[in-house]
Amino acid sequence: MNFLKNELELYKEYNKEFKADFIEINNGSRLVAGDIFVIYTTKYPIYGVIVSKTDDLNEAVYLTTEPFLASSTATRLKINHLVSTVILTHMKFYFDDEFSDKYCEFIKHVDVEEIVENYNILVSEVYSGPRKEFFSLEAKKIEKLYELFFEKIVYDDSNEVCIEFPEELKRHEEILAADTDGVKGENYVGIIKEKSLIIYLDDSLLEKKVKVFYDDRELFNGVVHDHIKITNIDGLTKEEIEKNLKISEV
């Protein structure tokens with residue numbers, strides 16, 4: 001543990017500022033599932049691997065460059081780029097092809113099934129101590145990607161389904177879900193804003209009757225025309241939401 005604490009202090013020493021601007025490149029790439037890519041910024045590179053693509057939406061898993069603070073069970077990927085190796089994490093982010101064309105540089109292609117298999121292991125792990133703090137800091141590097149992505153989604157509350165999250169389902173251990181945190185389920189994406197979770201369903205579920213469950217507790221049963229807003233989520237972590245919130249067609 002002392003070794004990890006020392007590594008974390010070194011990491012914090014060299015990463016004092018997490019706000020950075022993206023650098024537009026001339027050879028941006030249109031990516032597909034399995035592609036490893038880099039986004040250059042004014043302070044650090046952001047590495048990722050595409051795990052899913054729907055129309056022009058790219059779903060990517062963040063790749064860290066920190067070999068010791070990353071999970072010991074994470075897949076290591078040789079890229080021989082600005083760094084020789086990147087390591088898989090449990091964090092995802094999203095962007096469209098327009099962003100990819102301007103800012104993403106293709107590096108290499110890998111087996112996406114192996115990536116997804118390892119990601120499913122990592123997302124179920126419990127991170128504590130130095131690793132927990134490390135990942136909370138690493139998340140700041142991709143925070144702006146969430147902001148840019150959700151800025152493009154038009155928010156209209158005229159067709160909003162609003163659910164208040166039951167107080168008794170909270171563990172009240174700590175409050176980690178923060179504004180601009182994005183969440184991703186099997187058939188939805190969402191963003192946390194002002195202690196509420198705004199959920200956008202896959203197109204296949206819109207205008208249809210669906211059920212919303214959290215940890216096997218039914219929260220909603222009805223038709224969704226646009227999006228779902230779940231209020232009163234303070235006290236939940238992003239990881240808890242992604243693990244327990246399920247939506248299915250009736």
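The values are calculated or read from the model by the stated rules, or taken from the named source; none is laboratory data. All values reported here derive from a predicted model rather than from experimental measurement. Every residue, glycine among them, receives a Cβ derived from its backbone with ideal geometry; neighbour counts consider all protein chains shown. What goes into the accessible areas is simple: the full protein's heavy atoms, side chains included, and nothing from ligands, DNA or RNA. Shrake-Rupley method; radii C 1.70, N 1.55, O 1.52, S 1.80 Å.
Observations on the structure shown:
- The single condition among (1) open to solvent by less than 70 Å² (accessible area, probe 1.4 Å); (2) farther than 26 Å from Leu10 by Cβ that Glu113 does not satisfy is (1).
- The residues on offer are Ser124, Ser84, and the sole one that is over 15 Å from Ile50 (Cβ atoms) and either in contact with a Lys or Arg (Cβ under 7 Å, 6 or more places away or on another chain) or of a type in the set (A, V, I, L, M) (or both) is Ser84.
- Those helices (runs of 4 or more DSSP H) of segment 65-151 in which 1 or more residues are under 19 Å from Ile39 (Cα atoms), more than 19 Å from the chain's Cα centre (by Cα) and at pLDDT 90 or above occupy 97-103.
- Within segment 152-162, the set of residues being in a helix (DSSP H, G or I) and modelled with pLDDT under 70 comprises Asp157, Ser158.
- Number of positions in segment 78-91 that are closer than 27 Å to Tyr188 by Cβ and either open to solvent by 30 Å² or more (accessible area, probe 1.4 Å) or in contact with a His (Cβ under 9 Å, 6 or more places away or on another chain) (or both): 0
- Applying the condition of being open to solvent by 40 Å² or more (accessible area, probe 1.4 Å) and at negative phi to segment 206-218 and asking which residue is modelled with the lowest pLDDT yields Leu206.
- Number of residues in segment 1-52 that are open to solvent by 40 Å² or more (accessible area, probe 1.4 Å), under 19 Å from Lys144 (Cβ atoms) and out of contact with any Asp or Glu (no Cβ under 7 Å at 6 or more places or on another chain): the value is 8.
- Contact annotation: residue pairs with Cβ atoms under 7 Å, 6 or more positions apart or on different chains, pairing a residue in segment 231-250 that is under 22 Å from Glu125 (Cα atoms) and in a helix (DSSP H, G or I) with a partner that is modelled with pLDDT of 85 or more and open to solvent by 30 Å² or more (accessible area, probe 1.4 Å), are Asn244/Asp215.
- Within segment 1-25, the residues that satisfy the criterion of being closer than 16 Å to Pro67 by Cα, over 21 Å from the mean Cα position of the chain (by Cα) and either in contact (Cβ under 8 Å) with a residue 60 or more places away in the chain or part of a loop (DSSP other than H, G, I, E, B) (or both) are Met1, Phe3, Leu4, Lys5, Glu7, Leu8, Tyr11, Lys12.
- Residue ID - most open to solvent (accessible area, probe 1.4 Å), chosen from residues in segment 54-66 that are of a type outside the set (Val, Ile, Thr) and under 25 Å from Asp21 (Cα atoms): Asp56
- Answer from Asn221, Asn187, Asn232 - the residue that is under 26 Å from Val116 (Cα atoms), polar (S, T, N, Q) and modelled with pLDDT of 80 or more: Asn187
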